[in-house]
Amino acid sequence: MPKARLGELELLVMLALLHLGADAYGISIRQEIERRSGHDVAIGAIYATLARLEEKRFVTPWLSDPLPVRGGRARKHWKLTPLGERALRSAAASLAGMLDGLGLTPEPRRS
Amino acid sequence: MNALPVAIRALLELVTPPTELPYLLDDLSEEFDARARTTTHPRATLWLYSQAIRSLGPLAMTRLRARRAERATLTSGDPMLTQLRDDLRYSLRVAARRPWLSLTIIATMVLGVGTTTAVFSIVDALLLRPLSFPGPEQLVRLTSPVPDAPSAMVVSVPDVTDLERTSRSIASLGLYDARTVTGQVSVEPERLSAVLAGQGFGETLALRPALGRLFQPDEYLETGPSPVILTHAFWASHFAGHRDVIGQSMIISGKPRTIVGVLPPLESAYPAGVYPSGDFDIWLPLVIPESSFLHDRVAMQLSAIARLRPGVTLERVNTELAAFARGLAVDYPRTNTNRTLQAVPLRDTIVGPVRPMLLLLAAAVGAVMLIACANLGSLLLAHSQSRVREFAVRSAMGAASSRIARQLLVENLGLATIGGVGGIWLANVLVKALVAVYPTQLPRVNEIGLDARVLLVALGATLLAGWLAGMPLARQVRRLDLSRDLRELERGLGSRHRRHVLDGLVVGQVATSVALLFAAGVLMRTFLDMTAIQPGFDARNVLTFDIAISPQRYPTPERQSAFYDALFDSLRTTPGVQDVGWGMFTPLAGGGWGDTFAREGTSDAAPNLPAMQVKMVSPTYASALRIPLLAGRSLARTDGTGSPDVALVNAALAARYYAGASPVGKRITFQQRTLEIVGVIGDVRSQSLWTPPSPEL
């Protein structure tokens, strides 16, 4: 398997998965990204990204128990695979390497 | 939880893989609910739409990628398919490089395939497809042509009853009529078209009710129960298809009737006497009371259909009917002299009048299609000049000429297919427009539509056209001669062979154009003839409507008369209304009642009584329709019940039976009553524009 690089949105989605843990599903991922990064991402883009990541075997879905509040339907949750974790770690390392010594301060976030 | 708007659902459904859709919708409505709680509803809705629209792109991309991956696994390694894919891709590039030529080809194809398909779908529904009754080829309509009303399709009740008893070729027959009645399902009364089905009518058509049953023998008796059968469409629209309608009752013409059955969904129009094609609502049993004048052989009022025994041909039944009619004429000379009986295939009686026009139209459209193909062929051939170099180079590099020919066919078929799809769309539009413009002139109108057969024909037409148009060029390429072609290209000449093909195309085109011109001329002529006929009355600013009053609420002639007088008085005083008249039949709609009469002071006696069509009208019928009064006076209101009986005759009757002398003041005997002719009015086309006026009273 060739070493795949991660796009920005892919990176954001995978990081959101880590943050959310067992609570990661479509809309919660969208909200998490918006809350933390300020990016208002379309839900369709989240789904498309998840599909791409699944193709690369970086994430895998699991179904929750049916929720009584939502008409008994299960939610499709997502978690990182070991392969995905490794890819994320290498992406973080390369990002850190690139940022090192630049002293970029984050701009104050727009809400 | 708020339900998401339909538009959002529909949008997302387009691009989202079906397995993901429910999750996506759940997710969206979850955040939408949260937002609706914390901000305002409109803002939440705005967010929802922005989310949905921005989601379209990424989702569509995902889908495309998935499909492409699928296709890659499908086609890799298959040389035929890969080549075809290459051909297609190359064709697209070629088409894009010469957009005007491509658009011309597509537009020509759209027109050609569109008109061909539209006309075929009409021809198919009307002429080719059998009626949707079981065993349709054994169904005939019985008619009893008499001089003076050769096109009337009605029969007399005793004639048919005798026939049913003795006939060897007829398995079953049924009388029927059509009528408009007032029906009441819920609160509002409405006007319903009813088939009056005689005993054996439904059985002859071999109808199997979808629910319940057909009428039973005792229900045809005056004293029997009062049932009603619903047509499938009426059942669906008025009872929402509930299966428990059987046994319910509905009020028809003031009388409660029990619903005993629902007919199967039928594509074919019910064969009805008076209406060319009928969307009927209900069936009522045809009850003929003992005292009815219909039991007199003179009265020819009802229509009849019959089912022939298996194996009986039309010739055989008609021979038998002719012999039978001769027998009747001997037994009942007063009424049956000159009266014959005939069986006409049911389909012919339904589509008969439009058949020649349709065939002409089909031929014309076929010619248009051929011209279109010839045009495309010469267009492509002319254009190929610019591609000779390309072909020469390809073949020099080792491409087999068959490969190049196939490439060309793929190009043309590709364009033709695009055109064909457009053509099917156009056909759909055309057919809908035609049906909307001529709902009553076209019989079996509810059967017309695009179905698998029609689409197959469209597909065939498309492929044939693509192949025909591409053929000359492809043939030429097969005979590719590198050195000669390149040399001729240098000299700027087309090859001799190509010029031959071009000449052939031009000749073919001229020939088909001439044929088409003739066809168009004939069509035009027919149309002009049709519009040039004077109907005999002024249809401008005339409105018509039908009413039927309940015999229960208006039992006596006096009360009925009072009702009509009151109605017309109030209509006449309505602002904008100039004239009001009523009659049993409106002009051009057909209908009428044939009878004979005797001229006073002449030797008129059975069986040689003069015949005529009788219409009952109100005093103002003629003036409301602006039918000219030629002699004498018009009817007056005082001519009604209780005063001496008077009549108007039309010019045709005056000319036929009074040989130019004025009939005004003459007396005639008709149905044991003596009438005085008080006036002569102009002829009106009663049956249709094509039927010449016949003597009328």
**Study point:** Residue list for the range B:220-236, filter: assigned to a loop (DSSP other than H, G, I, E, B) and of a type outside the set (S, T, N, Q)
**Key:** B:221, B:222, B:224, B:225
Point to revise | Where residue B:1 falls short, out of the listed (1) modelled with pLDDT under 80; (2) touching a strand residue (DSSP E or B) at 6+ places or on another chain (Cβ under 7 Å) | key: (2)
Review point. Pairs under 6 Å by beta carbon, first residue among the small types (Gly, Ala, Ser) in the range B:160-182, partner part of a helix (DSSP H, G or I) and surrounded by fewer than 16 Cβ atoms within 10 Å (Cβ to Cβ), six or more apart or different chains?
Key: B:169/B:316
Practice item. List the number of the failed condition for residue B:38; all other conditions in (1) touching a residue at least 12 places away in the same chain (Cβ under 8 Å); (2) more than 14 Å from residue A:43 (Cβ to Cβ); (3) among the polar types (S, T, N, Q) hold. Key: (1)
Check your understanding: So how many residues does the range A:34-66 have that are facing chain B (nearest Cβ under 9 Å), assigned to a loop (DSSP other than H, G, I, E, B) and either at positive phi or of a type in the set (A, V, I, L, M) (or both)?
Key -> 2
Check your understanding: If you check residue A:5 against the conditions, is it touching a residue at least 40 places away in the same chain (Cβ under 8 Å) and either outside any helix (DSSP H, G or I) or not polar (S, T, N, Q) (or both)?
Key -> yes
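Considering only the range A:67-86, state which residues are small (Gly, Ala, Ser), in contact with a strand residue (DSSP E or B) (Cβ under 6 Å, 6 or more places away or on another chain) and within 11 Å of chain B (Cβ to nearest Cβ).
Step one: filter the range A:67-86 for residues small (Gly, Ala, Ser), giving A:71-72, A:74, A:84.
Retained after the next criterion (residues that are in contact with a strand residue (DSSP E or B) (Cβ under 6 Å, 6 or more places away or on another chain)): A:74, A:84.
Across the range A:67-86, the qualifying residue is only A:74.
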Review point. Mind checking whether some residue in the range B:629-638 is modelled with pLDDT under 70, touching an Asp or Glu at 6+ places or on another chain (Cβ under 6 Å), surrounded by fewer than 17 Cβ atoms within 10 Å (Cβ to Cβ) and not aromatic (Phe, Trp, Tyr)?
Key: no
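The rows are residues; the columns are (1) facing another protein chain (nearest Cβ under 9 Å); (2) exposed (fewer than 13 other Cβ atoms within 10 Å of the Cβ); (3) touching a helix residue (DSSP H, G or I) at 6+ places or on another chain (Cβ under 7 Å).
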| residue | (1), (2), (3) |
| --- | --- |
| B:4 | no, no, yes |
| B:12 | yes, no, yes |
| B:16 | yes, no, yes |
| B:20 | yes, no, yes |
| B:27 | yes, no, yes |
| B:31 | yes, no, yes |
| B:38 | no, yes, no |
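Quick check, is residue A:30 basic (Lys, Arg), facing another protein chain (nearest Cβ under 10 Å) and over 12 Å from the mean Cα position of the chain (by Cα)? I'd like the intermediate steps shown before the answer.
Details: basic (Lys, Arg): yes; facing another protein chain (nearest Cβ under 10 Å): yes; over 12 Å from the mean Cα position of the chain (by Cα): no.
Here the answer is no, as residue A:30 does not meet what is asked.
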Practice item. Looking for whichever is surrounded by fewer than 21 Cβ atoms within 10 Å (Cβ to Cβ), modelled with pLDDT of 80 or more and not hydroxyl-bearing (Ser, Thr, Tyr) here; the options are B:118, B:107. Which one fits? Key: B:107
Review point. What pairs come up if the first residue lies in the range B:316-344 and is under 12 Å from residue B:298 (Cα atoms), the second is assigned to a helix (DSSP H, G or I), and their beta carbons are under 7 Å apart, counting only those six or more places apart or on different chains?
Key: B:336/B:328; B:336/B:329; B:337/B:329; B:339/B:325; B:339/B:329
Review point. Which one of these does residue B:43 not meet: (1) at pLDDT 85 or above; (2) exposed (fewer than 13 other Cβ atoms within 10 Å of the Cβ); (3) at the interface with another protein chain (Cβ under 8 Å from one of its Cβ atoms)?
Key: (3)
Check your understanding: In the range A:8-27, what count of residues is obtained for those that are facing chain B (nearest Cβ under 8 Å) and free of Cβ contacts under 8 Å to residues at least 24 places away in the same chain?
Key -> 1
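The values are calculated or read from the model by the stated rules, or taken from the named source; none is laboratory data. Here the structure is a predicted model, which means the values were calculated and not measured. Methodologically, a virtual Cβ is constructed for each residue, glycine included, from the backbone with ideal geometry; neighbour enumeration extends over all protein chains shown.
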